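One structure below.
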Amino acid sequence: MSKPLIVVVEDETDIQDIIAYNLKREGYDVLTASRGDQGLSLIQAKNPDLVILDIMLPGVDGLTICQQLRAETKTKALPIIILSAKEEESDVVIGLGLGADDYIPKPFSPRELLARVKAVLRRSTARESQQQDQIRRGDLIIDIDRHQVSLQGTPLKLTATEFKLLMVLASHPGRAFSREQLLNRVVGDAVVVVDRNIDVHIRSVRKKLGTQTGLIETVRGVGYRFADQI
Ligand code: CA
């Protein structure tokens, strides 16, 4: 099952190790780079869910990386957390101005790191869903503001969880989501009592899609995806 992928670009080996260790223990997939230029290539090649970026790096510095990522369509909205030493506070301000989502001052506790990572991932999911107020896929229209879904002109009655699930899938046609990813995106950190079995919700959404049930495809051994071609 694929987990959120986080790329860590940090040249100080001990700090890189601490971050990688804690993120992996929390269930994230982690890739690391010690040089800025390597980090940038890694991010462009692997398309991660989040980047943790040190400012002072050999090769290309963190601020330049941040700027480059924001300039490219593919990574424009990629969540970035900057790591900074105390004497780099002015760089943090620049980094946030360049579009970094958050920063973590060194030294930090693993607990603080994980809290920031979770918060930024959560915000990025919320932002994803706010980017557009309507998702149209063929005859399926998801009105995000009104929380309404219609199929071939007929409104569908979905629960809040089913609505979010369909919205996440339909926002990324053709992209496979693991059950765990879907659960994270649908439930997040919010204290919501929902059935944590994603399959149950998927089955119910499919049933409501009627003849269009094939819009949600099963990805064997992984999870689900929204049909790429309608
Ligand atoms: Ca450094």
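Every number here is computed from the coordinates shown, using simple stated rules; none is lab data. Source: prediction; values computed, not measured. Positions of Cβ are backbone-derived with ideal geometry, glycine not excepted, and every protein chain shown enters the neighbour counts.
Compute the distance in nm between two label points, each set 7 Å from the Cα along the Cα-to-Cβ direction, one at Asp17 and one at Asp143.
My value for the distance between the label points is 5.7 nm.
Quick check on the chain: helices-only [θ] at 222 nm, where DSSP H runs of length 4 and up contribute -39,500 (n - 2.57) each and the sum goes over total residues. Nearest 500, please.
On the way: 8 runs with 97 residues, N = 230.
Computed mean residue ellipticity for the chain: -13000 deg cm²/dmol.
Would you mind calculating the gained length between Arg175 and Glu89 on full extension (0.36 nm times residue separation, minus the Cα-Cα distance), in nm to one decimal? List each step's numbers first, then the result.
Details: separation 86, 0.36 × 86 = 30.96 nm, distance 3.82 nm.
Extending this stretch completely gives an extra 27.1 nm.
If the chain between Arg70 and Arg25 were fully stretched, how many nm would it gain, using 0.36 nm times the residue separation less the Cα-Cα distance? Numbers along the way, then the final one.
Values: separation 45, 0.36 × 45 = 16.20 nm, distance 2.92 nm.
Full extension of this stretch gives 13.3 nm more.
Work out the length of the dipole vector of segment 5-130 about its Cα centre, built from +1 on the beta-carbon of each Lys and Arg and -1 on the beta-carbon of each Asp and Glu, and round it to the nearest 20 debye. Display every interim value, and only then the final one.
Numbers: 15 positive and 20 negative charges, 125 e Å.
Rounded to the nearest 20 debye, it is 600 debye.
Any idea what % of Cα-Cα pairs in segment 77-158 are farther than 19 Å? Don't skip to the answer; put the middle values down first.
Details: 1833 of 3321 pairs.
Above the 19 Å cut-off, segment 77-158 has 55 percent of its Cα pairs.
With just the Cα atoms of the chain, tell me how far they stretch along each of the three principal axes, in Å, largest first.
Projected onto the principal axes, the Cα atoms of the chain cover 59, 32, 29 Å.
Taking 0.36 nm per residue of separation and subtracting the Cα-Cα distance, what length does fully extending Ser150 through Leu5 add? Could the numbers behind the result be given before it?
Numbers: separation 145, 0.36 × 145 = 52.20 nm, distance 3.32 nm.
Answer, rounded to one decimal: 48.9 nm.
Please list 144-157, 73-86 highest first by mean number of surrounding beta-carbon atoms within 10 Å per residue. All intermediate terms of the calculation are to be shown ahead of the outcome.
Values: 144-157: 13.1, 73-86: 17.9.
Highest mean packing first, the order is 73-86, 144-157.
What FRET efficiency, computed as 1/(1 + (r/R0)^6) with R0 = 41 Å and r the Cβ-Cβ distance, is obtained for Arg220 and Phe108, rounded to the nearest 0.05?
Details: r = 40 Å, r/R0 = 0.97.
In this case the efficiency is close to 0.55.
Could you work out the local net charge near Val219, counting Lys and Arg as +1, Asp and Glu as -1, over the other residues with Cβ closer than 11 Å to its Cβ?
On the way: positive: Arg175, Arg179, Arg220, Arg225; negative: Glu217.
Combined, the nearby Lys, Arg, Asp and Glu give +3.
Could you give the nm distance between label points at Ser41 and Ala77, where each point is 7 Å from its Cα heading toward the beta carbon?
Inter-label distance under the simple model: 2.9 nm.
Only Cα pairs under 8 Å and at least 6 apart count here; give the relative contact order of the chain as a rounded whole percent.
Working: 361 pairs, mean separation 34.3, N = 230.
Dividing the mean separation by the residue count of the chain yields 15 percent.
Tell me which of Leu151, Leu78, Ile65 sits at the most positive position along the dipole axis of the chain, charges placed on C-beta atoms (Lys, Arg +1; Asp, Glu -1).
Checked the options; the winner is Leu151.
Could you identify which residue out of Arg116, Arg136, Arg35 has the top mean-square fluctuation in a GNM of the chain using Cα springs shorter than 10 Å?
Its mean-square fluctuation being the largest, the pick is Arg136.
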